[in-house]
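Below you'll find the structure, written out as structure tokens, and then a few comments.
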Amino acid sequence: MSNNKRALKGGEFLIKDVDYTQVFIPEEFTEEQKMIAESCRDFIQQRVLPNVEELDKHNLDLLIQLMKEAGEMGLLGISVPEEYGGFGQNFVTAMRALEEIGKGFSFAVAYAAHTGIGTLPILYFGNQEQKQKYLPKLATGEYIGAYALTEPEAGSDANAGKTKAVLSEDGKYYILNGTKMWITNAGIADVFIVYAKIDDDPNLSAFIVEKNTPGFKLGQEEEKMGIRGASTRQIFFEDAKVPVENLLGERNKGFKIALYILNLGRIKLAGATIGAAKGAINYSVDYAKQRKQFGTYIANFGAIKHKLAEMVIRTFVTESLTYRASQNIEDEEEALKQEGMDKDRAAIEAIRQFAIEASIAKVFGSEALDYVVDEAVQIHGGMGYSAEMPVERAYRDSRINRIFEGTNEINRLVIVGELLKRGMKGEYDLLTPAKEVAKELMAIPDFGKGSEDYFEKKHKLVKNFKKAILMVAGAALQKFGQAFQEEEEIIMNVADMLMLTYATESTLLRVEKLSKMYDPEKLAIYKDILDVFSFDTAWKMYKIGVDTINAFAKGDEQQAMLMGIKRFTKVDPVNTKDARRRIANKLIDDGFYNF
Amino acid sequence: MKILVLISNVPDTTTKVKFKDNKFDTTGVQWIINPWDELALTRALELKKESNGKIEKVAVAMVAEKSAEPTIRKALAMGADEAYRIDTTAKDSYSTAAELAEALKDKDFDLIMAGLESSDYNGLSVGAMLAELLGINSVSAVSGLEFDGEKFIVKRDIEGGYEKLTVQTPFVAVVQKGIAIVPLIPNMRGIMMAKRKPIHVIPAKGVEPLIEMVEFELPKPKPPVKLVETAEELINLLHNEAKVI
């Protein structure tokens, strides 16, 4: 792809501007990446979609069969290096594949759990023997993988897990005792990555546990709201004998593995939401073009067009920010390798570097999808409530995305917490820009005529969003000091502002890059998307900013900041109604998501 | 034995067809292997796989400009061993068949497979014309193809049933529905290998087309549909409104 073209550090987007040439956009996929995506799409269409109903009845044999077929096609080994029987594809390619698989309802969950959290811990943290033993089987689907971190009393607070491991008297085994729950793929997996604390260690350790381990037991299939076709169970360890050589990574360092894998799982989840959203949009536009009321197709109604357009916009934005971050991760990994870092370590460090963006993608993508499936049901009216329709399943299946891979609340804490941590560590300077904004607040506003250039104006808007964040968060930090972390409502707000800003910037950079590839006629619809999204964001930023300021500021400071937030979120008027109509009309004309 | 499958580069079947200046507007169009050709290639690859090495090669050929290479690459990813691209824009059935005949005359393929028709201009004639120009047999309406280790056995749909025949090689089989059930999906290995497989670019002879496209017209929008719930209602409508019974 690219050679050492690191744009920014993770989180640095808040204080540094990026050029459109420095971001990757989905319109730049290679011929090979497109072909891989097509194969994934065809596999889902031919093999998975005709079977989703049956899968939802907990038909695990069918699920295993489909996973094996995916394995035979090589789809389970996309990220696994060739030396272990995989195809050694880069990060963005794996994301693109996952996007297509994301249209496959529960199958997508089984696939993502296997290829991501089930396989990658061994790839990145396993020793040579462990890799040789497990990876070729995981890459081909001979083995199916699962990941067991959550416990009945340790969900978001994962390190509080009670599962214990003690060394056997002969020193050959770790004896595991405890319970894990919500384990995806539990009923079909051959290998589990299991976290437990050895003796009285403060932190977790990770183990590779095979399903035929004595003392390892499976619970019943959970009856869930959605993703019913994915196998989810509790697993129990009753003096389970796990060979000592199956300790994964170092003792007491398992929590680090867990965090790394979570970061990875988060951006991957965003990838899957893009596909799921496009799927739901396609079902919806198809229905809106067939369903007649009051003598006309419902696609002709403005109320429906508004929904269709907004579904497209949020999906387009998720796509813009997710692939931008994915390419950042890939470039960072390449750069670290070129600097001489071992390749597994480089992969780990690259994803850690972009943990903030991964959390943003997870939260934004899962919430965008929830909006999309909700309106998809609404467009279908009464039929949307019928289990006969795919959107009913999409609606139920979507909901888990805001919960697993760290709840969206935990992820919002991560977005802000990570940023502050890096600022404190001196990885970049947040203080000076925050002080400059505070100074600007006291100075007389610049009434000078700004640029009239379309993209320059949009860049200025994004720059102002960043100032708004620095102003609000900077003042809140100053006010609360150490107690800031207790102010979760404010943290949630700051996270939302960061997320919206990153989303707007990513969309802006994509459309700006497209302006160099497309003629004005073709570009117009993308400018509509950017116009509507950035306009809406400005007003959202204003409301969130005001709420946050009122939560802690008083007197002159409050007044100054309220004026500041107004100034920093000032946006030119946009006729969002007409812009949305144009977006919806293109969707209706094409008949499927084709942006 | 060697099989050649003729493939053509056509707009995705979900394409919304638009015209600009009486020409097909290709803006935003996704291109695919013509579905009939894709099924033909699928069957050819199945036969090769089952033949214990007796079918040693499956190649594809296309008359198209360079921009069609992603479609050719897809055929290679499905498993074709090599490809020929005759470097010109396909204009009509005759010039396409003539360019192919010229390019293939010394290539000694035992079986040439062509999809019944292409989903863009639906000419239905390249396969038969090519056989004629090459002076070899041609079998049409082929819905099944087997290989017994020495010869090809062709199944043809005929009125009220089907017939099976063996044909002397070389021959052209114009294939239709039934030749394969679903098109083969390229697997990861195929995709990775596709970039290393050769696409032989053959300069075109510049055969002039015999047909000139005069005008295009889009079909009229469909009249509204009335959904009928019961048989009685249907009979009533056919009798009283449509007055056909």
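The values are calculated or read from the model by the stated rules, or taken from the named source; none is laboratory data. Keep in mind it's a predicted model, so treat the numbers as computed, not measured. Glycine also receives a Cβ, built like all others from the backbone with ideal geometry; neighbour counts cover every protein chain displayed. Surface areas here come from the heavy atoms of the whole protein model, side chains and all, with no ligands, DNA or RNA. Shrake-Rupley method; radii C 1.70, N 1.55, O 1.52, S 1.80 Å.
Overview of values
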{"quantity": "Helices (runs of 4 or more DSSP H) enclosed by the stretch A:1-91 - at least 2 residues per element that are touching a Gly at 6+ places or on another chain (Cβ under 8 Å)", "calculated": "A:52-55, A:60-72"}
{"quantity": "Subset tally (residues that are open to solvent by 20 Å² or more (accessible area, probe 1.4 Å) and within 10 Å of chain B (Cβ to nearest Cβ)) for the stretch A:31-66", "calculated": "9"}
{"quantity": "Flag if B:ASN9 is open to solvent by 20 Å² or more (accessible area, probe 1.4 Å) and on the phi > 0 side of the Ramachandran plot", "calculated": "no"}
{"quantity": "Residue in the stretch A:101-120 that is within 14 Å of chain B (Cβ to nearest Cβ), aliphatic (A, V, I, L, M), buried (at least 23 other Cβ atoms within 10 Å of the Cβ) and out of contact with any Pro (no Cβ under 6 Å at 6 or more places or on another chain) present", "calculated": "yes"}
{"quantity": "Evaluation of A:GLY591 against (1) within 26 Å of A:GLY279 (Cβ to Cβ); (2) among the small types (Gly, Ala, Ser); (3) away from every other protein chain (no Cβ under 14 Å) (one fails), failing number", "calculated": "(3)"}
{"quantity": "Given (1) touching a helix residue (DSSP H, G or I) at 6+ places or on another chain (Cβ under 9 Å); (2) outside any helix (DSSP H, G or I), index of the condition A:VAL416 fails", "calculated": "(2)"}
{"quantity": "Search result, residues across the stretch A:145-170 that are part of a loop (DSSP other than H, G, I, E, B), more than 30 Å from A:ILE64 (Cβ to Cβ) and open to solvent by 30 Å² or more (accessible area, probe 1.4 Å)", "calculated": "A:GLU153, A:SER156, A:ASP157, A:LYS162, A:GLU169, A:ASP170"}
{"quantity": "Which numbered condition B:ALA61 misses (of (1) outside any loop (DSSP other than H, G, I, E, B); (2) open to solvent by 10 Å² or more (accessible area, probe 1.4 Å); (3) aliphatic (A, V, I, L, M))", "calculated": "(2)"}
{"quantity": "Condition check for A:ILE25: within 11 Å of chain B (Cβ to nearest Cβ), crowded, with 18+ Cβ neighbours inside 10 Å and hydrophobic (A, V, I, L, M, F, W, C)", "calculated": "no"}
{"quantity": "Any hit, the stretch A:265-283, residues being closer than 21 Å to A:ARG396 by Cβ, open to solvent by 60 Å² or more (accessible area, probe 1.4 Å) and aromatic (Phe, Trp, Tyr)", "calculated": "yes"}
{"quantity": "Residue match in the stretch A:211-218 (condition: open to solvent by 30 Å² or more (accessible area, probe 1.4 Å) and under 21 Å from A:LYS68 (Cα atoms))", "calculated": "yes"}
{"quantity": "Scan of the stretch A:236-254 for residues that are open to solvent by less than 60 Å² (accessible area, probe 1.4 Å) and either within 30 Å of A:LEU49 (Cβ to Cβ) or outside any strand (DSSP E or B) (or both), ordered by number", "calculated": "A:VAL244, A:ASN246, A:GLY249, A:ASN252, A:GLY254"}
{"quantity": "Any hit, the stretch B:103-126, residues being open to solvent by 10 Å² or more (accessible area, probe 1.4 Å), away from every other protein chain (no Cβ under 14 Å) and in contact with a Gly (Cβ under 7 Å, 6 or more places away or on another chain)", "calculated": "yes"}
